[in-house]
Amino acid sequence: MEKETVLIIDDEKEIRDLLEIYLKNEGYHVIKASDGLEALEILQNHTVHLIILDVMMPRMDGIEACMKIRQEQNMPIIMLSAKAQDMDKIMGLTSGADDYMTKPFNPLELIARVKSQLRRYMKLNARIPQKENELEIDDLVINVATHEVTVGGKDVKLTPTEFSILELLARNRGIVFSVERIYERVWNDPFYNSENTVVVHIRKIREKIEENPRKPRFIKTVWGVGYKIET
């Protein structure tokens, strides 16, 4: 029995075919695209639960494709790139990706990340008893059943990873979470040189839910320690 559907977007046929083999061995249904434009067409006609997205592609690169996908959809996106500099990772995460891996990569590590992202995504979209549906902090409302967030009654679109970070802090109001602890709780991976990953996601959340991200009402920075949402 096949599991969720994974869309692989990469202009290198060898990589598409290699990842397809590993993903199908895990029971996933696989769809492949060679660039961003082809991927956008596929997304109009297929239900996709996770995307593996290369950065450097013809016609439409991964950064532009990611931003366009995020205008409409919130499934996890794992970005692949030969560029390993911090600024390249930050650009990828800022465009809406949930995770970032540099080429060459270990296919088994990528599959582990796919499983981790899908577990969180499917859990967020599973039915939850009504009494546990909503977390409220002033005019910020987080519906953990429908994956919807509103501030002052206005809808806010968060990626699955952004939502998981916000939910973690909202469920544990008053508790300070270090960058390392956030990463290990949300990504379900050991923390290793991943501080920028968390910081970028926190910044993106603030830009979406805070009226003034430089003076946040909700996610507070505890300097030298981490982040919290106050009670």
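The values are calculated or read from the model by the stated rules, or taken from the named source; none is laboratory data. Note that the structure is predicted; figures quoted are calculated from it, not measured. Positions of Cβ are generated from backbone atoms using ideal geometry, with glycine treated the same way; all protein chains shown enter the neighbour counts.
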* What is the number of the single condition among (1) under 12 Å from the mean Cα position of the chain (by Cα); (2) over 19 Å from residue 49 (Cα atoms) that residue 168 does not meet? -> (1)
* Is there any pair linking a residue in region 10-30 that is closer than 20 Å to residue 66 by Cβ and in the same structural domain as residue 42 (by TED's automatic domain parsing) to one that is among the polar types (S, T, N, Q) and surrounded by 13 or more Cβ atoms within 10 Å (Cβ to Cβ), with Cβ under 6 Å and at least six apart or on different chains, and which? -> 11/34
* Evaluation of residue 193 against (1) assigned to a loop (DSSP other than H, G, I, E, B); (2) in contact (Cβ under 8 Å) with a residue 40 or more places away in the chain (one fails), failing number -> (2)
* To do: Would you mind finding the one in 72, 14, 64 that is closer than 21 Å to residue 121 by Cβ and surrounded by fewer than 18 Cβ atoms within 10 Å (Cβ to Cβ)?
  => 72
* To do: Can you work out which of the residues in region 114-160 that are of a type in the set (D, E, K, R) and assigned to a strand (DSSP E or B) is modelled with the lowest pLDDT?
  => 134
